[in-house]
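Input: a single structure, listed below in structure tokens.
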Amino acid sequence: MLEYVPMNAIQTPIPARHKGFNRAEIVDQNFIEFVGAWQGDVRPVPRDDAPVLPGSACTARDFRELFESQLISRHLDLMARVLRVQNKVFYTIGSSGHEGNAMLARLTRHTDPAFLHYRSGAFMAERFRKLPGMDPVMDSALSFAASREDPASGGRHKVWGSKPLWVLPQTSTIASHLPKALGTAVAIEQAPRIGHVLPVPRDSIVICSFGDASSNHATAQTSFNAAAWTAYQRLPTPVLFVCEDNGIGISVKTPAGWIANNFRDRKDLDYFFADGLDLAEGYAQVARAVEHCRGTRRPTFLHLKTTRLTGHAGTDFEIEWRSIEELVALEGTDPLLRSAAIALESGLHTKQSLLEQYESIRKRCFDAAAEADRRPKLATLDEVMRPLAPYTPKAVRTEAARADYADKRVAVFGGADRLPEKQPPRHLALQINAALHDLLAKYPESLVFGEDVAQKGGVYTLTRGIYKAFKGARVFNTLLDETMILGLAQGYANMGMLPIPEIQYLAYFHNACDQIRGEAASLQFFSNDQYRNPILMRIASLGYQKGFGGHFHNDNSIAALRDIPGLVVGCPSRGDDAAMMLRTLAALCKVDGRVCAFLEPIALYMTKDLYEQGDGRWQFDYPAPDLAMPLGEGRVYDPGAIDLVIFTFGNGVPMALRASREIESAYAWKVRVVDLRWLAPLNDAFIVEQARSAERIIVLDEGRKSAGVGEGVITAIVEGGLGGKPLERVVGADTYTPLAGAALLVLPGEADLVAAAARLRDR
């Protein structure tokens, strides 16, 4: 049972030498004593629409409601500190000292998408006023308690988020949300250029808040650079970056003047300062920044002065590393003390009425926490995982096979006789190119973008002709920055578009992996499937390029992708499969909001032959537009063969088919080759089905021995009860890929397959 207890009666567990130094208790008591001791002059009570103090842009009505939002935020913090020790609350990173961000919420709209810093309690409390019938206290209490009924995340994390209020949930926002915030701003401006109807008003701006320490993060810096890059080219980008400067990052102090000196004169990033510690003073300053961003559509940087009270989180006992004198000085800058003084001086409150409101909000927060504690929690694994990777197979199959755009296809391909399915068999690169033309014709909201994809047509000509067919609003080059490419993708997806970003090489993806792992792929999970950001990411991948380019152009590190929860990973080995997989991936994006990665084997892009030069046996007919490949479906070569089954993917498929001829000749075995095609999630049932009839098994994986796909295949076989079958793994070495012929020393080859078969024969 939870009870409301005055903070000055709380005993929190801190080291014995620090008894009496509970900073949350002291901050609480400071407010009560400050109000009780206040002796200033009282002005005549202003009208609701009059300035709260002479010369202020903040009216009495503005102030009254802003102050209430500040008090709500403060008492949610204090409540969390009390109830954490009772194991009733599971998050204590508070907003105390940052309550000035309520001004930002008041001066923007609830349809302005917001990507928020974790110290945004007052912002949220104030934004809740924008729609009737919403309760910031109860919603926050449910989130603190990790209740299944938490309307933001369904109990999966303490996040500031709200679907009706357009606050997209973030978790631990150490600058990783800045790229997608910028991407959303770009998307708002780009949507009308492609005829896409936005889910928010046309003149919306994007709000993105973060701490002063986070501004130093590489992900933040790339976002500021990209924002300035757009402004330099006169591309409208209405993003309002809000740096909430409290002068410290956990325990590392920000040098005095660093934020102002670093951003005040930065070209093409318009700088504004606002005092977040004083509602009467800061209101006009915040308003100027908001109005500038909305009116000019330029990237804007708002430097909001704040402070940090009660430590970084509940486990941070500042008294252990900061002097009492410093802490006392900081507590004297508490913005609620200034707000209390304004309330008393303006006559909007008496001492008694203010303390009564203070205690009534405290009780409201504790009452909400008590109720939240009684609400159900996530109790099963199925409940936890439900929003992570939604999949509706029938709807996806229907959408993937939908071909109701025949006239558009004819126009895009230049005539009925030039449709790709009417052409001779083609290799992988041309089939992917045709499939991308098809997707852009089918989905008018789709966009293809990345480095060199427009006029040049991509490094490997995979996007040749698409720019000419669909123009620059839908096919365009980006700056050389994978983090921002994937940030843009999330922004377009947030605004209802279908982004198809290209990452030039798999190694380049690793520079920006967190934009998929920590941000894009987690959104459905942490928003309880209320927000979706479908992305179809194409990546030129894998090895066997005859030593060209070394590691950065021969990257076989697929494990980094397979380890991202909810991500779909497909990898074709031939052109017809590629086209059908792309249709399914696009359908997964449209129907289920999934984030997908399409790995394109570079070495197979132009491959035409299989066994002998000129045989043309690795070229295939383009599949009709109503044909698609179900998620998880593999391709089986010689399904009746049982002597040896080789599981593989990508480059391994033609390699295995060639090796199988030699194996069959040497041992009179019939060899079945199984192309997995889908690498995440692996289709365990399909793998077991293929393994069950096999007398011997080889798992061919061009990934590295300690981090590839083969482990998953072998695990499926063993867990399927087939672990006793003779099995060999042929896999890449645990090293980077070198240049020239040495590259083939670290990657598996046909001879390695033949040798593995020999070992199986001798068992």
*T307 vs. criteria within 19 Å of F210 (Cβ to Cβ) and among the polar types (S, T, N, Q)*: yes
*Scan D112, D150, D135 and give me the residue that is surrounded by 24 or more Cβ atoms within 10 Å (Cβ to Cβ), within 23 Å of K363 (Cα to Cα) and of a type in the set (D, E).*
D150
_Could you tell me how many of the residues in the stretch 730-763 are assigned to a loop (DSSP other than H, G, I, E, B) and in contact with a Lys or Arg (Cβ under 6 Å, 6 or more places away or on another chain)?_
1
*Within the stretch 239-261, is there a residue that is in contact (Cβ under 8 Å) with a residue 24 or more places away in the chain, under 20 Å from T307 (Cβ atoms) and acidic (D, E)?*
yes
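This table checks each residue for (1) crowded, with 24+ Cβ neighbours inside 10 Å; (2) out of contact with any strand residue (DSSP E or B) (no Cβ under 6 Å at 6 or more places or on another chain); (3) at pLDDT 95 or above; (4) within 30 Å of K705 (Cα to Cα).
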| site | (1), (2), (3), (4) |
| --- | --- |
| I485 | yes, no, yes, no |
| G491 | yes, yes, yes, no |
| R517 | no, yes, no, yes |
| Y531 | no, yes, yes, no |
*Which residues, counting only those in the stretch 555-611, are touching a residue at least 40 places away in the same chain (Cβ under 8 Å), of a type in the set (D, E, K, R) and touching a Phe, Trp or Tyr at 6+ places or on another chain (Cβ under 9 Å)?*
D555, R574, D576, D577, K590, D592, R594, E600, K608
*Of (1) surrounded by 21 or more Cβ atoms within 10 Å (Cβ to Cβ); (2) modelled with pLDDT under 95; (3) under 30 Å from A50 (Cα atoms), G332 satisfies all except one. Which?*
(1)
*How many residues are among the basic types (K, R) and modelled with pLDDT of 95 or more when one looks only at the stretch 302-329?*
1
*Looking at this structure, is P151 in the same structural domain as L378 (by TED's automatic domain parsing), assigned to a loop (DSSP other than H, G, I, E, B), under 20 Å from the mean Cα position of the chain (by Cα) and not small (G, A, S)?*
yes
_Out of the residues in the stretch 68-83 meeting the condition of being among the charged types (D, E, K, R) and under 13 Å from G94 (Cβ atoms), tell me which one is modelled with the lowest pLDDT._
R81
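Could you check, for the stretch 179-195, whether at least one of its residues is part of a loop (DSSP other than H, G, I, E, B), at pLDDT 95 or above and not hydroxyl-bearing (S, T, Y)?
Within the stretch 179-195, one or more residues are part of a loop (DSSP other than H, G, I, E, B), at pLDDT 95 or above and not hydroxyl-bearing (S, T, Y).
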*So which helices (runs of 4 or more DSSP H) are wholly in the stretch 311-425 and hold at least 2 residues that are in contact with a helix residue (DSSP H, G or I) (Cβ under 9 Å, 6 or more places away or on another chain) and more than 30 Å from I516 (Cβ to Cβ)?*
324-331, 335-345, 351-374, 406-413
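The values are calculated or read from the model by the stated rules, or taken from the named source; none is laboratory data. None of the values given here were measured: they were computed from a predicted structure. Note: ideal-geometry Cβ built from the backbone for every residue, glycine included; neighbour counts use all protein chains shown.
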